[in-house]
Structures are given as C-alpha cells and as structure tokens.
Amino acid sequence: MSLSLVETIERADWQVPSPFTLDLPDGGSLEFRRILRWLPGRRVSGEACWNGRQVFAKLFIGEGAVRRAGREQWGLEALQTVGLPTPALLASVSCPGGGWLVLSEFMPVAHSLAEGVSDPSLLLPAFALLGRLHAAGLVHDDLHLGNFLSSANELLLIDGDGVRPGAPAKQLDNLALLLSQLPVALDESRGGFLSAYGQTVDTSELDKLVDAWRRRRRERFLAKTLRNCTQFAVEHGERRFLAVLRGAQASLASLLAQPDAAIELGRRLKSGGTCTVAVVDVAGAPVVVKRYNLKNWRHAISRAWRPSRAWHSWREAHRLAFYGIATPKPLALLEERWRGLRGRAFLVAEFCPGSSLADCLGPETVPETSLAQSIEAFFSVLFRLRITHGDLKATNLLWHEGRLHAIDLDAMTQHRSEAAFRRAWRRDRARLLRNWPVDSPLHDWLDQVLPPA
C-alpha cells in the first residue's frame, strides 16, 4: 500500500493504516511497518524501513510540523552532546505534503520502564539518568516511564522533542513530575530514588510539587476516560453513551451491541433488583458484565438526571488504576439514553479470579505475612489519598497474585474535606470489622493495623 503523506493524513482516523510507504525527496523511500503511536493531526511514530535499514521513525504532520521536528532533532543532539544514552539520530528530512521525518536508531530488543514496575530497585537507574540530565542543565518536558528504554543492559532516554534547557527550579518540578507518576505505594521508597538522583533537593518543596502534579494529572486522565482520544473511544448517541478502551473496542463490539443477550448467555454471579452480574466469554477470555437495573418508574426518574452507578464505577476504577491501586481493569461503560435522560447502564471489566477476604480469612487466625502486608499497605494508601470505599464488605476485596483488588466501586469517593473523609472512613472501618466476630484474633489484629478511626 503506497500512500502520499497527504493521503495518509486524509484517511487516518484514530488508527493509521500500516504498512505504508513514503517517497522521499532524495529518491529513496521509507516504509512504516508497525505503528507504535498515533497522535491524530500531529505525529505518527513507529518501526520503519529506510532504504533497507531498520529505523525508528517519527513523522511530524499538521501545523507546526517543522518546528516540532526541529525540537526532536535538537533534543536528541543535546542528549548525545552531553553524553547521555539515547538512540543515535540518523536523519531529518522533509516529505512531500508538508510533513517532516526524524529517523533514529531502532532498538530491536528493548523494554520501556512503563511495562509494569513494582520493584523500586528497577527504577533507580532512571533517577540516576535524570540526575545526569539535570546536572547537564537540561530537563525533559514529557517525562514519563515510557520514555526510559532498557536495551542491552543499558537505560536510554528517548523522545528528544521534550528535551529543553532548564534552570534548577524547573529541574525540581521535572523531578516531581516523574515521582508523581509512580504508584503511591512507592512514596515510601522516595529516599532511595533521591539518593540515586544524586542532586541536592528541597524535599519539602518537592513533596508539594509531587502532590500538585498528581492532582493535575489525575484530573486530566479522568477527563480522558469520557472523551475520544488515543486510549478511549467514546460515542455520544441519541440512544446511548459508550466509552470503551480503544484496544478492547473490536473484541467487545458484539457484547456492547447486545449486552442483555450476553448476560443471559453468561454465568450469573448475582441477580438482584438493582444489579445483575454475569461472567461472559469474549474471544476466549472472561469478562464481568454488570447491569444496573431500574426497579420501577420512581427509581427510573430518580436516576435519569444524574450519572449512573456504572459511570461512577468507571471513573473510580480508573482513579484507582491511576494511583497504582489494584482493581479489575475497566473495559467499557454503556448508558442507555433517551433525549438526554439516563436509563439502565452497564459496566464491563476484566474478570478477577481471586478469592475474597471472606474466604481467605478465618476469625481465629491472623493473615499470613504477604496478605497481612498487602492489607496494611492497601489501607495505608487509601487513607493517605482520602479515598473511602462506601461498602467495605469482605467480599468486595479480592486477594489475587499477591495483591488486594477492590471491586464494587459504586460508592467509592475521594474526599476533598478532611472532616467528610474522617466520617466516611469511620463507617468503612466499622463495616470491614463487622465481617468477623468481635474479640476474635482476626478482628483484634485488623483493629490494630487499620488506620485509626
């Protein structure tokens, strides 16, 4: 398939058709073989073949393409000049149709730090590399774990478009940006990260900046979960509102077209007046479909004017994921609509096969070490973030693969007010303790390790 740059832009929506080939001004060509990232109207990035050589290509398009390509080139050259590891810059060339290509060395066996980091020791080299960047008087404006690439036992910093000169104040803010993206549970490892960073830091000011970055990033991310973007596909229609992870859109299409039929064919977990839950097979993998029912016309009217419980659960599940707190991955939100009024709603999430705390914990014994540590860490993080569950039954906490997973998030809240949080936490704490007899060893242990009421 051979496309000019203009044709590529015209045909592209949320996915660029690949492979496609660009003819270059010098008579050569570049074939995009695998698209790794697509920012509509701005940039296509991926694995490509340039005159027979495997390269990593960034095709800048749209308004400002030349300026952004120039920043990419400048950033990669700046990193190389100060001796920081980054893929070698190979070429920067204009393309027919107004775009601009920046080509760099392709790393065939490489993994980004964004691919699931739970061991703090694996992050230390990233902070050491960031310290070297700042010591050279530079910052990276698009600093995230995906821009640290591990290849052949070396950690590289990529994405030159984000590299800028930066004064000490900007460097501290840059450090805070990276720290804000780590799971909250890793805040306890911050001292080790700062030691690896190797620069003098005002820790009090840094803590404030980390909190500020977390708030900004959280609000931006939660807003993204309800609009069309690279990660989410959103449909606003007269009859329904749909938000679905773009990567799951194709596999869930038939289920979302007829969710009631899917529930009927699935394995029923719960049949209630307000809620029906079933496990459904999708392309060989189990997912959980939760339908929020309307009991009668009064109930329907009361729910028509406000976001559904599915809507709330969708946002809260993504909130937990943002903070690195385990919960089954939310895949899709579907609300039935009529002239803007809400009707029934559906939530689709990955199935978690874990055992509930009601099954894991007996009243006469305290938990084994790994589960005990997980319970303490789980509630410590929620307490620090002022998050309450709202229905803290033991069956709403699942123990799976060494982590505690929260489910049934209809009433979960992150409180702004300390007083409101304390009231809600007292209710949560009391509800959890009621799962086991008073004065039992387990009840006493939980009462000691849970944050105070």
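The values are calculated or read from the model by the stated rules, or taken from the named source; none is laboratory data. All values reported here derive from a predicted model rather than from experimental measurement. Virtual Cβ from ideal backbone geometry, glycine too; neighbours counted across all protein chains shown.
Restricting the search to strands (runs of 3 or more DSSP E) fully inside the range 7-107 and requiring at least 3 residues that are of a type outside the set (A, V, I, L, M, F, W, C), closer than 27 Å to Asp141 by Cα and modelled with pLDDT under 95 gives 43-50. For the range 326-368, the set of residues classified as more than 24 Å from the chain's Cα centre (by Cα), buried (at least 16 other Cβ atoms within 10 Å of the Cβ) and not in a helix (DSSP H, G or I) consists of Glu336, Arg337, Arg342, Gly343, Arg344, Ser356, Leu361, Val366, Pro367, listed by residue number. For Leu179, the criteria (1) buried (at least 19 other Cβ atoms within 10 Å of the Cβ); (2) in contact (Cβ under 8 Å) with a residue 60 or more places away in the chain hold in every case but one, which is (2). Helices (runs of 4 or more DSSP H) fully within the range 194-311 that include at least 1 residues being within 21 Å of the chain's Cα centre (by Cα) and of a type outside the set (D, E, K, R): 203-224, 249-257. When the range 191-224 is filtered for residues that are surrounded by 14 or more Cβ atoms within 10 Å (Cβ to Cβ) and of a type in the set (D, E, K, R), the ones remaining, listed by number, are Asp207, Arg214, Arg217, Arg218, Lys224. Here is the figure for the range 127-157: residues that are of a type in the set (A, V, I, L, M), in contact with a helix residue (DSSP H, G or I) (Cβ under 7 Å, 6 or more places away or on another chain) and modelled with pLDDT of 95 or more total 5. Within the range 186-203, is even one residue within 14 Å of Arg132 (Cα to Cα) and among the aromatic types (Phe, Trp, Tyr)? Within the range 186-203 (the criterion being within 14 Å of Arg132 (Cα to Cα) and among the aromatic types (Phe, Trp, Tyr)), the answer is yes, since at least one residue qualifies. Could you go through the range 81-90 and let me know if any residue there is loosely packed, with under 15 Cβ neighbours inside 10 Å, under 16 Å from Asn147 (Cα atoms) and not assigned by TED's automatic domain parsing to the domain that holds Leu157. Taking every residue of the range 81-90 in turn, at least one turns out to be loosely packed, with under 15 Cβ neighbours inside 10 Å, under 16 Å from Asn147 (Cα atoms) and not assigned by TED's automatic domain parsing to the domain that holds Leu157. Selection of the range 379-406 for residues being crowded, with 21+ Cβ neighbours inside 10 Å and either at positive phi or free of Cβ contacts under 8 Å to residues at least 24 places away in the same chain (or both) yields an empty set. When Leu371, Leu446, Leu409 are screened for being at pLDDT 95 or above, surrounded by 15 or more Cβ atoms within 10 Å (Cβ to Cβ) and in contact with a Cys (Cβ under 8 Å, 6 or more places away or on another chain), only Leu371 passes.
Would you mention how many residues in the range 121-135 are crowded, with 17+ Cβ neighbours inside 10 Å and either in contact with a Leu (Cβ under 6 Å, 6 or more places away or on another chain) or closer than 23 Å to Glu77 by Cβ (or both)? Number satisfying all stated conditions: 7.
Taking the condition at pLDDT below 95 and in the same structural domain as Arg309 (by TED's automatic domain parsing), does Arg227 pass? Criteria not met by Arg227.
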